[in-house]
Every structure is written in structure tokens, then in C-alpha cells.
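A.B. asks: One structure, as C-alpha cells, below. Some questions next.
The values are calculated or read from the model by the stated rules, or taken from the named source; none is laboratory data. If you're wondering where the values come from, they're calculated on a predicted model, not measured in any experiment. All Cβ positions, even for glycine, are placed from backbone atoms using ideal geometry, and neighbour counts span all protein chains on display.
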Amino acid sequence: MDKAGFSQRLKTLRETFSVSQLKLAEGLGFKQYYVAKWESGAYEPNTTIQQKIANYFRVSPIWLTAGIGHIYTGIVFIPRNLMLPQKRLDLSFQQRIAHFICEDGARDIAIVANTDKKADGIILFKREDDLLLFLPYVSFFSTRSRYDLTSDMLHILIPCRDIESPNKLSGSVLTSKHEPTFYSLPTDMFYMINSTSSLEDIEKVLEIVIPENLKENYSASTSGDETEIKKIGWEFTAELRFGNFKGISESKAIEAILNIENLFNDANKEQKINIVKLKRKK
């Protein structure tokens, strides 16, 4: 196996999603220097670890390990935590993700907006009958109008509009100059589009038909579409202080850490989060 090939694919994934070596290592339960060695080509992780890396980024294990086939296959829900930009709204970051998906031969077919939370949306991509991919739109603004949301999501797709990339399997050329279907859904229906929902519910909400071959290999997640990237296998004790509020107890610390992104959802109460003390052990 080409070690440089694996190392470059891993680095490409990490940089595409702006995931640091440290964050990836912690998400996998390793030290940072392991990721550094994998990317340098010093050595490759075993197949079990490679599978974990593929699951982390939701990519095809065969593509990651051997560079064979498409990057994304099947029904893919990219976790929202992978789409959290460093800034409140970073369209260039989201454009990079969309371009990465389109270069893999997919095309955007729909934009799904949450009418109750104006800045919450999903872009749906499709590639013939071997891929259906859901890409979350992430913004910490909760007051943006539906027009702005739709406009922003279309702006994310600009790099896909002019792309002409060959289909890696068939050799055909992909062009994407169409307009995606727009869905405006209330919150209860919008949140039915996730990895824990039945495919029948998703078909009903979006009024689409998912190819049978995709259904055959798909099983709904039991842990949720927004599965946290966390230190698997670590125990946490922490003292946290939120803005001007008092520190929370250790019994609440782990819950706060794993749900830390939710603390930014209320635009009217922007609170700085400072981790004062954090200890971890196996």
C-alpha cells in the first residue's frame, strides 16, 4: 500500500474540515504525535484505526486506505460538529466542504431550511444511485431572514457551479449549473432529517424516492446525527465558569463539555466559555 497516499488523504480530510491534529487525535482517543506520524508517512495505523478515522469524517474506508473509488458512498450525514467554523459565519469554509463533495462527482439537488430557526439548513447532494449526502449549514445567528439563509446556502454552492470534474468510476464529466429544489420546513419536520430517522420519514418529508440499493446497506444511527466528537474512553472532571456565572459542579461538567456547542445557540445570550480546570484519565 502507498503510505504517502494514505497520509495525504488523511491530511486532505483534516485540512478540508479545519480539524487540527490535536482535535482529531482526541476524537480518536490518541495522542497528537500519532496523527503527526500517520501524516508524515512514518507508519500507518491498523485497519481498525483507519475505520475509526473514516467514521470520524464519514468517508469511505476503501477510499481512505487505498484511494479506490469515491470519497463518499451510500447515505451520508456529515455531522454538524464537523461543520462548526471558527468564526460565527464562515462561508469560505463551507464552500470548501461543498467543493470537496462536488469534486467527488456529487451535485447539489436540494436546500432544506428550518423556517422557525432561520439560520438552520441542510444542503442535499446526490450522485446517480450510489450517494445521498446531507450537509448541514451552520451559523450562530438566529435572526437571519429566510431570504438571507437561502442566499447564503446558494452562495456556498458557487464553487460547485463551475466545476467540471470527471466521474471517477464512469469517466463522465459532471457539470452543475442547475438550481436546487428549495424546501421550507417547520422545526418538527426539519429535525426529522437526520441519521436517526427512518428513511421512510425522510422520503415523506422531502417527497423524494431514495434508491433501493442505498436503503439495503443503510442502518439508522442510534447515537444521533449530531454525535459529539469527544475523547472516547476518557473520564472527565472539570470546573467550568460561564461568563459572569459561577462554576458548575463536577457532576455536570461532562454534560457541559459534550454539549458545549449548544451554549452558543441563543444569539441574545452570547456567553464566553472558559475551561478553568480540566483533568482526564483512562
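A.B. asks: With respect to the numbered conditions (1) crowded, with 19+ Cβ neighbours inside 10 Å; (2) in the same structural domain as Asn194 (by TED's automatic domain parsing); (3) touching a Ser or Thr at 6+ places or on another chain (Cβ under 9 Å), which one is the sole condition not fulfilled by Glu103?
C.D. replies: Going through the list (1) crowded, with 19+ Cβ neighbours inside 10 Å; (2) in the same structural domain as Asn194 (by TED's automatic domain parsing); (3) touching a Ser or Thr at 6+ places or on another chain (Cβ under 9 Å), Glu103 breaks only (1).
A.B. asks: Taking Gly121 as meeting all but one of (1) under 22 Å from Asn217 (Cβ atoms); (2) modelled with pLDDT of 85 or more, write down the number of the exception.
C.D. replies: Result: Gly121 fails condition (1) only.
A.B. asks: So which of Phe30, Phe57 ends up being under 25 Å from Leu135 (Cβ atoms) and outside the structural domain of Gly121 (by TED's automatic domain parsing)? Spell out the reasoning first.
C.D. replies: Values: Phe30 fails: under 25 Å from Leu135 (Cβ atoms).
Exactly one of Phe30, Phe57 is under 25 Å from Leu135 (Cβ atoms) and outside the structural domain of Gly121 (by TED's automatic domain parsing), namely Phe57.
A.B. asks: Just name the residue that is nearest to the chain's Cα centre (by Cα) out of those in region 208-222 that are modelled with pLDDT under 90 and surrounded by 11 or more Cβ atoms within 10 Å (Cβ to Cβ). Even if it seems obvious, please write down each step before you answer.
C.D. replies: Let us first name the residues in region 208-222 that are modelled with pLDDT under 90, namely 216-222.
Subset that is surrounded by 11 or more Cβ atoms within 10 Å (Cβ to Cβ): 218, 220-221.
Values: Tyr218: 18, Ala220: 16, Ser221: 15 Å.
The residue in question is Ser221.
A.B. asks: Just one of Ile62, Ile71, Ile78 is touching a helix residue (DSSP H, G or I) at 6+ places or on another chain (Cβ under 7 Å) and hydrophobic (A, V, I, L, M, F, W, C); which is it? Before the answer, list the steps.
C.D. replies: Details: Ile62 fails: touching a helix residue (DSSP H, G or I) at 6+ places or on another chain (Cβ under 7 Å); Ile78 fails: touching a helix residue (DSSP H, G or I) at 6+ places or on another chain (Cβ under 7 Å).
Testing whether each residue is touching a helix residue (DSSP H, G or I) at 6+ places or on another chain (Cβ under 7 Å) and hydrophobic (A, V, I, L, M, F, W, C) leaves just Ile71.
A.B. asks: For region 24-74, give me each residue that is touching a residue at least 60 places away in the same chain (Cβ under 8 Å) and surrounded by 16 or more Cβ atoms within 10 Å (Cβ to Cβ). Give the derivation first.
C.D. replies: Here is the first cut: in region 24-74, the ones touching a residue at least 60 places away in the same chain (Cβ under 8 Å) are 26-29, 56, 65-67, 69-70, 72, 74.
Glu26, Gly27, Leu28, Tyr56, Thr65, His70, Tyr72, Gly74, listed by residue number.
A.B. asks: Pull up region 1-11, narrow it to residues that are touching a helix residue (DSSP H, G or I) at 6+ places or on another chain (Cβ under 9 Å) and exposed (fewer than 13 other Cβ atoms within 10 Å of the Cβ), then point me to the one that is modelled with the lowest pLDDT.
C.D. replies: If we take residues in region 1-11 being touching a helix residue (DSSP H, G or I) at 6+ places or on another chain (Cβ under 9 Å) and exposed (fewer than 13 other Cβ atoms within 10 Å of the Cβ), then Met1 is modelled with the lowest pLDDT.
A.B. asks: While we're here: Can you name the residue in region 38-60 that is of a type in the set (Val, Ile, Thr) and part of a helix (DSSP H, G or I) and, of all such residues, is nearest to Ile97 (Cα to Cα)? Write out each step before concluding.
C.D. replies: Going through region 38-60, the residues of a type in the set (Val, Ile, Thr) turn out to be 47-49, 53, 59.
Keeping just the survivors that are part of a helix (DSSP H, G or I) gives 47-49, 53.
Working: Thr47: 26, Thr48: 26, Ile49: 24, Ile53: 17 Å.
Restricting to residues being of a type in the set (Val, Ile, Thr) and part of a helix (DSSP H, G or I), the top hit is Ile53.
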